[in-house]
Amino acid sequence: MDRHEKVAFGSAAMNPLVLYAETKRSLEAAIGASDDLLHLHAGLLILVVATVLFGRGVGSRLPIAMVYLLALVNESMDALCASPEARGWEPAVDVANTVLWPTLLFCLARRHRRAIRPVKPGSEEYFREKYLRGQT
């Protein structure tokens, strides 16, 4: 091993946890937003990217699952990095901030989709709407 390999292997740049923590800190400093605001934006960004990437609607389970998965991975990485933010209730607050608005949008999209879903002719629902409307 030459000296360059020893330096590269032993440096913080080779440790993915340290690299992840440093990247998060530098992003927070560059944007100048609070940690809570970054979590809100990250959740919405993940939802939009997953929706486009998977070609599904916001009401699909896959994009919202990605939001929850990445929120939990982020907090796990913070805990493994022994980040000062990973103490007390902070991880739960971070996850809640990340998933709050995507979950609300998911629920609204699911509700809206059910409200405008066409009724198939010949189905029991079609029969109820056509023949039993207004009857008890």
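So in region 85-105, with the set limited to residues that are under 20 Å from GLY59 (Cα atoms) and without any contact (Cβ under 8 Å) to a residue 24 or more places away in the chain, which one is surrounded by the fewest Cβ atoms within 10 Å (Cβ to Cβ)?
Looking at residues that are under 20 Å from GLY59 (Cα atoms) and without any contact (Cβ under 8 Å) to a residue 24 or more places away in the chain, I get LEU104.
Does LEU80 satisfy the condition of being of a type in the set (A, V, I, L, M, F, W, C) and either loosely packed, with under 13 Cβ neighbours inside 10 Å or out of contact with any helix residue (DSSP H, G or I) (no Cβ under 9 Å at 6 or more places or on another chain) (or both)?
The answer is no for LEU80.
Against the conditions (1) under 18 Å from the mean Cα position of the chain (by Cα); (2) in a helix (DSSP H, G or I), where does VAL58 fall short? Just the number, please.
(2)
When THR103 is evaluated against the numbered criteria (1) assigned to a loop (DSSP other than H, G, I, E, B); (2) of a type in the set (Ser, Thr, Tyr); (3) at pLDDT 95 or above, which criterion, by number, is the only one it fails?
Going through the list (1) assigned to a loop (DSSP other than H, G, I, E, B); (2) of a type in the set (Ser, Thr, Tyr); (3) at pLDDT 95 or above, THR103 breaks only (1).
From the list ALA29, ALA50, which residue is at pLDDT 85 or above, out of contact with any Phe, Trp or Tyr (no Cβ under 6 Å at 6 or more places or on another chain) and surrounded by 11 or more Cβ atoms within 10 Å (Cβ to Cβ)?
Answer to the check: ALA50.
The values are calculated or read from the model by the stated rules, or taken from the named source; none is laboratory data. Quick caveat, the model's predicted, so the values are computed rather than measured. Cβ atoms come from the backbone with ideal geometry, glycine included; neighbour counts cover every protein chain shown.
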